[in-house]
């Protein structure tokens, strides 16, 4: 009985050391940037998001939508894009490879990987 209790306690303690990868971990403002583009997202607790993409510093898209997670997927449904680049109702998804307190790493549909940093 003591051995079973000890095993359960150890398993629970080891699980507690990993950051949660659910919705709550992604709530907040995030930014990714490379030499060509920058992307910003604000994931809200109520399942809505806003964001923008800049190409070489110039605004390319400014959008709103709803978001959710399903397993290791980050799902987007776009509602509007001020510049008309993304049609209303369009969907997208990224694979969440890692979620930490101040960053998350995704693999996009094209296979590219991007690390987003939390904006304080």
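The values are calculated or read from the model by the stated rules, or taken from the named source; none is laboratory data. Fair warning: this is a prediction, and the values are worked out from it, not measured in the lab. Here the Cβ is made from the backbone with ideal geometry for all residues, glycine too, and neighbour counts use every protein chain on show.
Quickly run through the stretch 40-66 and pick out the residues that are without any contact (Cβ under 8 Å) to a residue 60 or more places away in the chain and under 15 Å from residue 116 (Cβ atoms).
At the first step, the residues of the stretch 40-66 found to be without any contact (Cβ under 8 Å) to a residue 60 or more places away in the chain are 42-66.
Within the stretch 40-66, 42, 43, 49, 50, 51, 52, 53, 54 qualify.
Yes/no per residue for (1) closer than 22 Å to residue 110 by Cα; (2) surrounded by fewer than 16 Cβ atoms within 10 Å (Cβ to Cβ); (3) at pLDDT below 95; (4) touching a strand residue (DSSP E or B) at 6+ places or on another chain (Cβ under 6 Å):
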site	(1), (2), (3), (4)
2	no, yes, yes, no
8	no, yes, yes, no
12	no, yes, yes, no
40	yes, no, no, yes
54	yes, no, no, yes
61	yes, no, no, yes
67	yes, no, no, yes
75	yes, yes, no, yes
81	yes, no, no, yes
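Read through the list (1) within 21 Å of residue 101 (Cβ to Cβ); (2) part of a strand (DSSP E or B), then give the number of the only condition that residue 50 fails.
For residue 50, the exception is condition (1).
Any residue in the stretch 26-35 that is modelled with pLDDT under 95 and either in a strand (DSSP E or B) or surrounded by 10 or more Cβ atoms within 10 Å (Cβ to Cβ) (or both)?
no
Tell me yes or no: at least one residue of the stretch 89-110 is at pLDDT below 95 and over 16 Å from the mean Cα position of the chain (by Cα).
Scanning the stretch 89-110 turns up at least one residue that is at pLDDT below 95 and over 16 Å from the mean Cα position of the chain (by Cα).
Among the residues of the stretch 102-119, count how many are assigned to a loop (DSSP other than H, G, I, E, B) and more than 16 Å from residue 24 (Cα to Cα).
The number of residues fulfilling the criteria is 5.
Give the stretch 85-101 a look and list any residue that's farther than 16 Å from residue 39 by Cα, in contact (Cβ under 8 Å) with a residue 12 or more places away in the chain and not in a strand (DSSP E or B), or say none.
89, 90, 100, 101 - these are the residues of the stretch 85-101 that are farther than 16 Å from residue 39 by Cα, in contact (Cβ under 8 Å) with a residue 12 or more places away in the chain and not in a strand (DSSP E or B).
Residue under question is residue 86, and the condition is that it be loosely packed, with under 13 Cβ neighbours inside 10 Å and either under 19 Å from residue 44 (Cα atoms) or out of contact with any helix residue (DSSP H, G or I) (no Cβ under 7 Å at 6 or more places or on another chain) (or both); does it hold?
no
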